[in-house]
Amino acid sequence: MKRVLETTEVAGQSPNWLLTRLDDLVNWARANSLWPMPFGTACCAIEFMATAASRFDFARFGMERQAFSPRQADVLICAGRLPFKLAPVIRRVYDQMPQPKWVISMGACASTGGIFDNYAMVQGIDTIVPVDVYVPGCPPRPEGLLYGVLLLHKKIKGETVLDPELRREQPLDDKGLRLPPERIDEISEPFGNSVHQFRSA
Amino acid sequence: MSKRTVELELATPGLDAQGRPARVPLTVGGTGGGDVAGQLAVEPGSEHMLLNIGPQHPATHGVLRLVVELDGEVVVRCIPHVGYLHSGFEKLGEYRHYNQIIPLTDRTDYLSPMANNVGFALAAERLMGIAITPRCTVLRVIACEMSRVISHMVWLGTTAIDLGAFTPFLWAFQERERIYDLQEMWTGARLTTSVTRVGGMMADIPDAFVTGLRHFTETFPKTLHEIDRVLTRNAVWVGRTQNVGVLRREEAINHSLSGPMLRASGVAYDLRRDKPYLDYETYDFDVPVGEHGDVYDRYLVRLEECHQSNRILQQALARLPDGPVNVDDPRVILPSKSRAMSDMEAMIYHFKQVMEGVKAPVGEAYVGIENPKGELGTYLVSDGSAKPVRWRIRPPSFINLSSLPKMAEGHLLSDLIAINASVDIVMGEVDR
Amino acid sequence: MNPSVDALRATFGNAIGRAVVARDGETIVTVGRDALREVMRWLRDSAGHSYDYLVDVTAVEYRDAERPIELVYFLRSLERRVDLRVKVDLPKEQELAVDSVVGLWAGADWLEREVYDMFGVTFRGHPDLRRILMWETYAEGYPLRKDFPLRGRFSRAEQVRQALGANPEAHYSMEELAIAEAFDELPEDMKERLRRGERGKLPFSE
């Protein structure tokens, strides 16, 4: 199975003290002011709003300004289920975001399709956009979303400016897909007897 | 209170007898002939602008796409596109047992999940001919009214944000958090509660629930008064909401509106009063009815409904009877784990319910409840098996939203946002 | 049994089929599809019945493949506080089409569009009958039919590909197309079809 994304080795350039300090500075700046693009669709969007409200308040974590325009956003938080009708919309919104950008898939439906294994639902937004952090839950508690944001901070702090692959745009391939079709079918397999109308077991 | 008169020359010719713009046929290149229905006549060089709002937009309250034809700042036509959150609920329901559908109902109207659970359970019990216990009846009233409060709080907060007032959003969500604590205490989940089962509830309330809810009902009116003080006589609020999006009484009935939308237009119809369920006729509460059918009236109706819900909650807490919360029917209610592990008959009942589901008799049932958004109906058709043949959700937001084009004509674009907010839609229910 | 049933039989005779009382106590009366519009108008307008409020319009297809598809109209009289359920049988061998009641109740607009989208029932006289929950060019069929599998007909990869290929700003309603610039954005083959006056035929959807 050929991987779509290949990272490059940075063996040729030894990360010296100056570059690591620069990395720290850049990553600190990026991580602590992640402006979210709330792509809220369903129930998870309500928990997202609750996380933004005064009790949990993710402004403490740098997400002060919710950027409703993708041009000014850093992280796309897909909160809620994504039907096929909405798929080109999220792809376009993702493409409109400038680098550096990350994606948090919030909730079970955005991560895998959740309880909706049917004709209308995308089985995970990672078939459409590359995802950095998956937050499980239906819906995840606000603390869960905050933990996901902190995981993203950790991921960002592990990045380096020397690696151009990290910030390379990943457009859709010539078939109009992000992953090979077999891979999409493989990760969308149904579960158990959930798709049988007559059989119980 | 400012009155604004907008006179506009609609460039699209022809309003039909009801004052709605007739559809303009579209033709190209004069190649007519053939099918009259397919013939289209174009308006070249039209000066109107087509603006696309959504589906990703902060003010559409979910994934709603509004295509708006604008003459400058004035909305000539507004065409809503829905379906961006269509999740195939009704199809999925045909593949699930009745108790397995209850978690699905949480996710349709996720702003008032307990009310959805109750609505479905009532329909399933009506179909199966099960009568619930008195304690369960009062608990379901508590669940419905708590849902009404949180739904109206979301509506209040998001509508205020749309019209520029940010602070009531924080106050409203803080109240929601208090209800969320109670919901979590009862069901374990803040939002996707799945609190009912066919024949009863998921669990009985814990001891701290009653004191917590009583404390909530004592302090909630204070927040409502604060919000009232900030908004109701505020010149900006009044100017942006009065005489905006007016829908007359006959139009409201003809468009099948329900809930606060219908009552704000002057129709005194509330399912709790007029088709009572869960003993609502024995509670003492008022039903606020508006006069003008504009956004301001809808705001007043919903604010007053919060006060009345508070009253109902206090009465329900006072009359909460002791007793079992589930019916005593082992074919419908799961036996307790300890009995299922020790008694053979209980184990068989447990097995049959979990593996095969509870079978409903052949027939159909429709139950409509007064959801915070309107009349939430559940129509179940059964062929004798454990999975329904058809589960139809009568979606109040979907039908209320279909009146948006009628309400928005002739208003400014910013009024369109206010009108859209006043419809109180939740896209999970609109699209199912 | 709702007294409107007897009045209906007296007025319309053979067009009224069987009437039963459902498990929830409501009266269900079956009406022949040809008489539907007159029956609905009579129910709405005649004094003593005046069902001025349409609660819902939906359809039911049974698991037994021989049974017809039933269209169900939930009517309510607000002043008399009475409900009535009207059903129309649509045998699957014949064309699934009835008259639209949008002229009587404006609320039927989107409800009938949804029945069209999910079941493929055409409503004659509807001002704008196109898909409402699925996208307009959805090619897999009518989702709530029993022969439509839960996960759809195409493979997941194909569904993703078709979904991503759609234009999120597409305008397909007649009202939008009346605004000239929207017409220019249509794909060429669709412009050609509209010029010829036909709507496209998609597989699985007649």
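The residues on offer are A:A108, A:A201, and the sole one that is small (G, A, S), at pLDDT 90 or above and either within 30 Å of B:V389 (Cβ to Cβ) or surrounded by fewer than 21 Cβ atoms within 10 Å (Cβ to Cβ) (or both) is A:A108. Name the residue that is surrounded by the fewest Cβ atoms within 10 Å (Cβ to Cβ), counting only residues in the range A:37-62 that are within 11 Å of chain B (Cβ to nearest Cβ) and in a loop (DSSP other than H, G, I, E, B). Once the filter is applied, the top-ranked residue is A:S54. Of the residues making up the range B:122-156, those that are more than 16 Å from the chain's Cα centre (by Cα), more than 14 Å from chain C (Cβ to nearest Cβ) and not charged (D, E, K, R) number 9. Scan the range B:351-363 and give yes if some residue there is in contact with a Pro (Cβ under 9 Å, 6 or more places away or on another chain) and outside any helix (DSSP H, G or I), otherwise no. Checking the range B:351-363: at least one residue is in contact with a Pro (Cβ under 9 Å, 6 or more places away or on another chain) and outside any helix (DSSP H, G or I). If you take the residues of the range A:140-171 that are assigned to a loop (DSSP other than H, G, I, E, B) and either modelled with pLDDT of 90 or more or within 14 Å of chain C (Cβ to nearest Cβ) (or both), which of them is nearest to B:R96 (Cα to Cα)? Looking at the filtered set, the residue picked out is A:P140.
If the condition is being in a strand (DSSP E or B) and either in contact with a helix residue (DSSP H, G or I) (Cβ under 8 Å, 6 or more places away or on another chain) or among the aliphatic types (A, V, I, L, M) (or both), then the range B:376-432 contributes B:L376, B:G377, B:T378, B:Y379, B:L380, B:V381, B:S382, B:R390, B:W391, B:R392, B:I393, B:L412. Just to be sure before I move on: is B:D109 charged (D, E, K, R) and either more than 19 Å from B:P372 (Cβ to Cβ) or facing another protein chain (nearest Cβ under 9 Å) (or both) in the structure I sent? Here the answer is no, as B:D109 does not meet what is asked. Summed over the range B:157-175, the residues that are touching a Lys or Arg at 6+ places or on another chain (Cβ under 9 Å) and within 10 Å of chain A (Cβ to nearest Cβ) give a count of 3.
A quick yes/no check of all residues on (1) under 29 Å from B:L51 (Cα atoms); (2) among the small types (G, A, S); (3) buried (at least 24 other Cβ atoms within 10 Å of the Cβ); (4) touching a Pro at 6+ places or on another chain (Cβ under 9 Å):
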{"residue": "B:D71", "(1), (2), (3), (4)": "yes, no, no, no"}
{"residue": "B:C78", "(1), (2), (3), (4)": "yes, no, yes, yes"}
{"residue": "B:R96", "(1), (2), (3), (4)": "no, no, no, yes"}
{"residue": "B:G119", "(1), (2), (3), (4)": "no, yes, yes, no"}
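The condition of being at pLDDT 90 or above and loosely packed, with under 15 Cβ neighbours inside 10 Å holds for only one of C:R37, C:R41, that being C:R41. Here A:L76 passes the criteria (1) of a type in the set (A, V, I, L, M); (2) within 18 Å of A:L177 (Cβ to Cβ); (3) part of a strand (DSSP E or B) except the one numbered (2).
Considering the range A:63-100, the residues that are small (G, A, S) and surrounded by fewer than 22 Cβ atoms within 10 Å (Cβ to Cβ) include one that is nearest to C:E136 (Cα to Cα), namely A:S69. Of all residues in the range C:139-157, those being touching a strand residue (DSSP E or B) at 6+ places or on another chain (Cβ under 8 Å) and of a type outside the set (A, V, I, L, M, F, W, C) number 2.
Using the structure shown, decide if B:L247 is in a helix (DSSP H, G or I) and in contact (Cβ under 8 Å) with a residue 60 or more places away in the chain. When the stated conditions are applied, B:L247 does not pass them. Does A:R178 satisfy being of a type in the set (D, E, K, R) and at the interface with another protein chain (Cβ under 10 Å from one of its Cβ atoms)? Yes. Of the residues making up the range A:99-121, one or more are out of contact with any strand residue (DSSP E or B) (no Cβ under 8 Å at 6 or more places or on another chain), more than 24 Å from C:A166 (Cα to Cα), within 8 Å of another protein chain (Cβ to nearest Cβ) and not polar (S, T, N, Q). Here B:G323 qualifies as on the phi > 0 side of the Ramachandran plot and more than 14 Å from chain C (Cβ to nearest Cβ). Taking the criterion of being touching a residue at least 12 places away in the same chain (Cβ under 8 Å) and within 11 Å of chain A (Cβ to nearest Cβ), the residues of the range B:176-192 that qualify are B:R176, B:R178, B:Y180, B:D181, B:L191, B:T192. The condition (being among the aliphatic types (A, V, I, L, M), within 17 Å of the chain's Cα centre (by Cα) and either crowded, with 24+ Cβ neighbours inside 10 Å or over 28 Å from A:G40 (Cα atoms) (or both)) is satisfied by just one residue among B:M355, B:M427: B:M427. Here the range C:152-184 is the region considered, the condition is being part of a loop (DSSP other than H, G, I, E, B) and either under 23 Å from the mean Cα position of the chain (by Cα) or at pLDDT below 65 (or both), and the residue that is surrounded by the most Cβ atoms within 10 Å (Cβ to Cβ) is C:A178. Starting from residues that are out of contact with any Asp or Glu (no Cβ under 9 Å at 6 or more places or on another chain) and outside any loop (DSSP other than H, G, I, E, B), keep the ones in the range C:57-87 and report whichever is farthest from the other protein chains (Cβ to nearest Cβ). Checked the range C:57-87; the qualifying residue farthest from the other protein chains (Cβ to nearest Cβ) is C:V86.
When restricted to residues that are buried (at least 19 other Cβ atoms within 10 Å of the Cβ), assigned to a loop (DSSP other than H, G, I, E, B) and among the small types (G, A, S), the range B:250-273 contains 4. Pairing residues of the range A:126-139 that are more than 10 Å from every other protein chain (Cβ to nearest Cβ) with residues that are part of a loop (DSSP other than H, G, I, E, B) and surrounded by fewer than 20 Cβ atoms within 10 Å (Cβ to Cβ), at Cβ distances under 7 Å and at least 6 apart in sequence or on separate chains, gives A:P130/A:Q170. Here the range C:100-156 is the region considered, the condition is being without any contact (Cβ under 8 Å) to a residue 40 or more places away in the chain and at positive phi, and the residue that is nearest to the other protein chains (Cβ to nearest Cβ) is C:G152.
Considering B:Y349, B:Y379, the condition of being modelled with pLDDT of 90 or more, of a type in the set (S, T, Y) and farther than 24 Å from B:L257 by Cβ is satisfied by B:Y349 alone.
On the basis of being under 20 Å from B:K275 (Cβ atoms), at the interface with chain C (Cβ under 9 Å from one of its Cβ atoms) and either aromatic (F, W, Y) or in contact (Cβ under 8 Å) with a residue 40 or more places away in the chain (or both), does B:I399 make the cut? Judged against the criteria, B:I399 is a match.
Scanning the range C:1-54 for residues that are among the polar types (S, T, N, Q) and either within 17 Å of B:E364 (Cβ to Cβ) or in contact (Cβ under 8 Å) with a residue 60 or more places away in the chain (or both) yields a total of 4.
Residues that are within 13 Å of chain C (Cβ to nearest Cβ), not aromatic (F, W, Y) and not in a loop (DSSP other than H, G, I, E, B) within the range B:82-104 comprise B:E90, B:K91, B:L92, B:G93, listed in sequence order.
The values are calculated or read from the model by the stated rules, or taken from the named source; none is laboratory data. Note that the structure is a prediction, hence the values are computed from the model and not measured. Ideal geometry is used to build each Cβ from the backbone, glycine not excepted, and the neighbour counts take in all protein chains shown.
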